[in-house]
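Here is the structure we will look at, set down as structure tokens.
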Amino acid sequence: MNLSERDHNLIWHPFTQQQTAAPNIAITHGKGALLYDEYGNEYIDAVSSWWTNLFGHANPEIAEAVKKQLDTLEHVIFAGFTHQPAIELSEKLLDLLPSTQSRVFFSDNGSTCVEVALKMAIQYWHNQNIEKTTIIAFKNAYHGDTFGAMSVGARGVFNRPFESYMFEVKFVDLPTDDNIEQVLADFTRIVQNNKTAAFIFEPLVQGSAGMLMYKAEYLDKLLEIAQQHEVICIADEVMTGFGRTGKIFATDYLQHKPDIFCLSKGITGGFLPLGVTTCTQQIYEAFLSEDKLKTFFHGHSYTGNPLACAAANASIGLLQTSVFKLQTLIEWQTELSSDLKSHPKIENLRQLGTIVAFEVKTDADYNLLQDMP
Ligand SMILES: Cc1ncc(COP(=O)(O)O)c(C=O)c1O
């Protein structure tokens, strides 16, 4: 039996209807933008392995950093203990993030760093005995597959069985040139009752919704209103972070800075799973107390894994020294966009930094994300 057949007999794959899906392609190795299967066929990894990979597969610098870390410390419990790679990474991240960010909390993936952000925001108010419980999110949002992350995401075919278990969220439209005044009015109406705990958003691009892009200027207006009403603003930069939009973070395009950041995917250059949630000093201080009940009781076994932190340190190092490569990539993408623009099957072509997206006209009469029966 080949690898694909052995897989087929044993493994349940994500987002896959096992009965009808084609056999999974068994990848044996990767190099740069290419992946190779068990028969030596070559594939271009255009989705960057679910948007995680920044510098290509088997990047030698990141591989070397992980190998070095393997010989020293592979893992240690992160409650009561700490280590150099996590400290170094926290320093690096706080240098890159707005100066208002002051604390770094580790988890394992995009969903868990969002879960942490939501719990931090909710408990921030709880610890101060302030009753603020409403959460605002954008329609069509995707923030992950755990329950909190699902709750703040679009309700639809992917999470229908769980709908009655999710908490209530106020959804507002993604702002466009046509609806901005209405969105601002809807948003203001929600926050005016002073019961809103947090506003969570994917800055400038809703990735899983189909790379829906919106203007920094409009997000800025929403953040301004939110911050006037003391609503905690959570930027989910899981997809947009680490250069994807042309700046290190998509929120670098904004005047108003979020209170909490969610980071994952590209943070390790696509080598190892890691989630990070950062927050302001003000949020952090609401958890400092002689009262043990004000503690943030959250953690995962692999929190702050040293190998993942070592990969992230190497990856961020590369990001900082390869700004010119990022520019070159953006220029290639711009060239590609202008070539594709006139193609008769392509519509709504859009670009932000390294992200180019478009719709392909087909005969399908439904949108999988929104209208599938
Ligand atoms: C914006 C955003 N947030 C959160 C997640 C969830 O990340 P993970 O798949 O690592 O749980 C994703 C995944 O695509 C994402 O795009």
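The set of residues from the range 47-73 being assigned to a helix (DSSP H, G or I), within 16 Å of the ligand (Cβ to nearest atom) and open to solvent by 30 Å² or more (accessible area, probe 1.4 Å) comprises S49, W50, W51. Have a look at F271, F296 and point out the one that is modelled with pLDDT of 95 or more, among the aromatic types (F, W, Y) and open to solvent by less than 60 Å² (accessible area, probe 1.4 Å). Step by step, each of F271, F296 is checked, and only F296 is modelled with pLDDT of 95 or more, among the aromatic types (F, W, Y) and open to solvent by less than 60 Å² (accessible area, probe 1.4 Å). Just to check your reading of the model, which residue among G40, G80 is of a type in the set (G, A, S) and touching a strand residue (DSSP E or B) at 6+ places or on another chain (Cβ under 9 Å)? Of G40, G80, the one residue that is of a type in the set (G, A, S) and touching a strand residue (DSSP E or B) at 6+ places or on another chain (Cβ under 9 Å) is G40.
Taking each residue of the range 278-301 that is assigned by TED's automatic domain parsing to the domain that holds C233 and at negative phi and looking for partners that are assigned to a helix (DSSP H, G or I) and among the β-branched types (V, I, T) with beta-carbon atoms closer than 8 Å, six or more apart or interchain, yields H298/V116; H300/T112. Those helices (runs of 4 or more DSSP H) of the range 99-194 in which 3 or more residues are among the charged types (D, E, K, R) and open to solvent by 20 Å² or more (accessible area, probe 1.4 Å) occupy 180-191.
How many residues are more than 14 Å from the ligand (Cβ to nearest atom), under 24 Å from L54 (Cα atoms) and small (G, A, S) when one looks only at the range 207-252? Adding up the residues that qualify gives 3. Of all residue pairs spaced 6 or more apart or on separate chains, those with beta-carbon atoms under 7 Å, a first member in the range 320-346 that is of a type in the set (D, E, K, R) and a second member that is open to solvent by less than 100 Å² (accessible area, probe 1.4 Å) are K341/L349; K345/V360; K345/K361.
For the range 297-315, the set of residues classified as among the small types (G, A, S) and farther than 18 Å from E91 by Cβ consists of G299, S301, listed by residue number. So for the range 78-97 (the condition being modelled with pLDDT of 95 or more, within 16 Å of the ligand (Cβ to nearest atom) and not assigned by TED's automatic domain parsing to the domain that holds T354), does at least one residue qualify? No: zero hits.
Output the qualifying pairs, or none if there are none: Cβ atoms under 8 angstrom, residues six or more apart or on different chains, first residue in the range 232-250 and among the polar types (S, T, N, Q), second residue within 13 Å of the ligand (Cβ to nearest atom) and in a strand (DSSP E or B). Correct list of pairs: T240/V205; T245/V205; T245/I355. The residues on offer are S315, S337, and the sole one that is open to solvent by less than 20 Å² (accessible area, probe 1.4 Å), away from the ligand (no atom under 14 Å from the Cβ) and not assigned by TED's automatic domain parsing to the domain that holds G80 is S337.
Within the range 205-221, not a single residue is in a helix (DSSP H, G or I) and among the polar types (S, T, N, Q). Of all residues in the range 76-89, those that are open to solvent by 20 Å² or more (accessible area, probe 1.4 Å) and either under 30 Å from Y36 (Cβ atoms) or part of a helix (DSSP H, G or I) (or both) total 3. Of the residues V276, V205, V231, V238, which is over 19 Å from G110 (Cα atoms) and crowded, with 17+ Cβ neighbours inside 10 Å? Exactly one residue qualifies, and that residue is V231.
The values are calculated or read from the model by the stated rules, or taken from the named source; none is laboratory data. The model shown is predicted, which means the values in this text are computed figures rather than measured ones. As a convention, Cβ positions derive from the backbone with ideal geometry for all residues, glycine included, and neighbour counts pool all protein chains shown. Surface areas here come from the heavy atoms of the whole protein model, side chains and all, with no ligands, DNA or RNA. Shrake-Rupley method; radii C 1.70, N 1.55, O 1.52, S 1.80 Å.
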